[in-house]
């Protein structure tokens, strides 16, 4: 074979090899293309659509909370919130650094929020709520430089009257991990959502929260929104109408002033809670966009506990206001009568125990009405001792003490009504007669809430019907359709004859209008009202005066009342913490409320109170 023929043969072989390699490569590429297009085409088409089309959740506005006349207490306002879509962020560290320079949040906190988020990378993660318009304008202007950063408008809670009805309405807070698992209570909630943490916002959160909507948007390769493809409108939360009368609520707040304490007003004809004030309060708007550490520390560090609803969460010794219930019980048991009298010499001796009256010289002989008027301790020591602690407790419980009322608010405390068995179980000791004497004047182990005292006062005023305190009047949809309407609920009839309750009412009338009444300085010329003062000991004072003690050790002042005396429309329970006596501190609060409420110019505003709903 010549050299020429050999060269041609080698070239031909090489050409065949190259051709085979090319054919093989094209075969592989074709096979891969076929696999991607045919076998996995549907899957990649879905991924492509996901990259092009993004689903955004649209939160529903919470329902409006109004007073009994329809005046809004809580509304919603627009909030501009910053979100971050991790999938679209090119440089997380750089983006977090830019945002930290604009927002009151650190770079580390932003990165931590993104890393802790359990949402898919293509869903927005909340970084910061409620930014100002200047920041919104900057972020919108620099969209291209901040891929993955999104500003969305969401409804945010706004309390119109600041701390005016704070403990009734409550506040919102971010949902926690345990609550996220509770799909029955929070069916539509997701991480970062705000839910009710206290008050009506909490108890009626399911009604108030609404149902979120959503929208499909088309985005480009950089995540920028190109347009909306479709959307589902969110369903607003239901509106809630309360029995609270805003006018009376604000008057009660004014009357209490800067004193630490509580005011509860109830309509004795139906159990409607007309006002519920706990002071000091807090501004729910602090929680709207997430409360700062500084504000939170101020609230929890305040010794007067502004976050606690003192009307239902704090229980105190009722002092002499408890004599109203004890008086009804001893009348019913015929231990005393309308005409009988007991003698007060200023003290009672029981074995080695000496119990004193507040009036050292004694009151002499008193009827039960006079004993209420002058708040004689000795009268009730004697009568209560004969009644006995277990019978006293039975009547106290029939008036609503020692049990939760069932009001539509969270964390209510039942208070304490002691019995022989209670002391044996709780303390491991027997009951002593001297402790019965303490209980008969609202001291010792007895504790009650302001709401319970208001319930008792309302029951005495209306002739013996104990109503469940009613705070929610109705729930309705945004279009006005009523979803649920609440009716007054009778818990029980008090086991005391009406004729005996009339004697108690007359005694309470004398407290304010009698010549020796303990609240006679709070008497009004144009309105007759009835009441009972009370002083609850904080520490036992051996000698000296209350004024000499540090404020935190001074006695609490109580006053319960109903008005008008002949045809009650309102029952009050007022507590002034460390007020050193009901006649000095709490009764003037009631006087101020009645002066404002029953003046001619307030008649139209008062109509919602004076027209009962049954």
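How far is the Cα center of region 263-278 from the Cα center of region 168-213, in Å?
If you average the Cα positions of each part, the centres end up 27 Å apart.
Any chance you could run the full-extension gain for residue 432 through residue 411? It's 0.36 nm times the residue separation minus the Cα-Cα distance, nm to one decimal.
This chain segment gains 4.3 nm when fully extended.
Could you point to the label whose value was computed as Cα Rg over 2.2 N^0.38 Å for the structure here, given [x] 1.40; [y] 0.98; [z] 1.03?
[x]
Expressed as an acute angle from 0 to 90° and rounded to the nearest 10, what is the orientation of the C-alpha long axis of helix 92-102 relative to the principal long axis of the chain?
Here the helix axis deviates by roughly 40 degrees.
Helix-derived [θ] at 222 nm for the chain: sum -39500 (n - 2.57) over DSSP H runs of at least 4, divide by residue count, nearest 500?
-10500 deg cm²/dmol
Remind me, relative contact order of the chain in percent, using alpha carbon pairs under 8 angstrom and six or more residues apart?
The value is 13 percent.
Can you tell me the relative contact order of region 246-610? Whole percent, Cα pairs under 8 Å, sequence separation 6 or more.
Computed over region 246-610, the figure is 21 percent.
At 7 Å along Cα-to-Cβ for each site, give me the label-to-label distance between residue 359 and residue 26 in nm.
12.0 nm
Describe numerically, in nm with one decimal, the distance between label points set 7 Å from Cα along Cα→Cβ at residue 132 and at residue 343.
Between residue 132 and residue 343, the label points sit 7.8 nm apart.
Treat the count of other C-beta atoms within 10 Å as a stand-in for reagent exposure and order 481, 569 from fewest to most.
481, 569
Mind pulling the per residue volume of the convex hull built on the Cα atoms of region 54-242? Å³ is fine.
So the per-residue Cα hull volume is 128 Å³.
Run the numbers on region 54-242 and let me know its relative contact order in percent, using alpha-carbon pairs under 8 Å that are six or more apart.
This gives 34 percent for region 54-242.
For region 400-415 and region 477-501, what is the separation of their Cα centres, given in Å?
16 Å
Cut-off is 10 Å between beta-carbons; in what order do 138, 486, 594 appear when sorted fewest neighbours first?
Final ranking by Cβ density, sparse to dense: 138, 486, 594.
Angle between the Cα long axis of helix 323-332 and the longest principal axis of the chain, 0 to 90 degrees, nearest 10?
Compared with the principal axis, the helix lies near 60 degrees.
Suppose the chain between residue 71 and residue 140 were pulled fully straight at 0.36 nm per residue; how much longer would it get relative to their current alpha carbon spacing?
21.1 nm
Under the 0.36 nm per residue contour assumption, what length would be gained going from the current alpha-carbon distance of residue 479 and residue 184 to full extension?
Between residue 479 and residue 184, full extension yields 103.7 nm more.
Give the value in nm², to one decimal: projected area of the alpha carbon convex hull of region 246-610, averaged over all directions.
20.5 nm²
Counting other C-beta atoms within 10 Å, which of 584, 552 has the fewest, and how do the rest follow?
Fewest-to-most Cβ neighbours within 10 Å comes out as 552, 584.
Helix 377-387 sits at what angle to the longest principal axis of the chain, using alpha carbons and giving 0 to 90 degrees rounded to 10?
Once rounded, the angle reads 80 degrees.
Readers should treat all values here as calculations from the given coordinates under stated rules, not as data from a laboratory. This one's a predicted model, so the numbers in the text were calculated from it and none came from an experiment. Backbone-built Cβ (ideal geometry, glycine too); neighbour counts: all protein chains shown.
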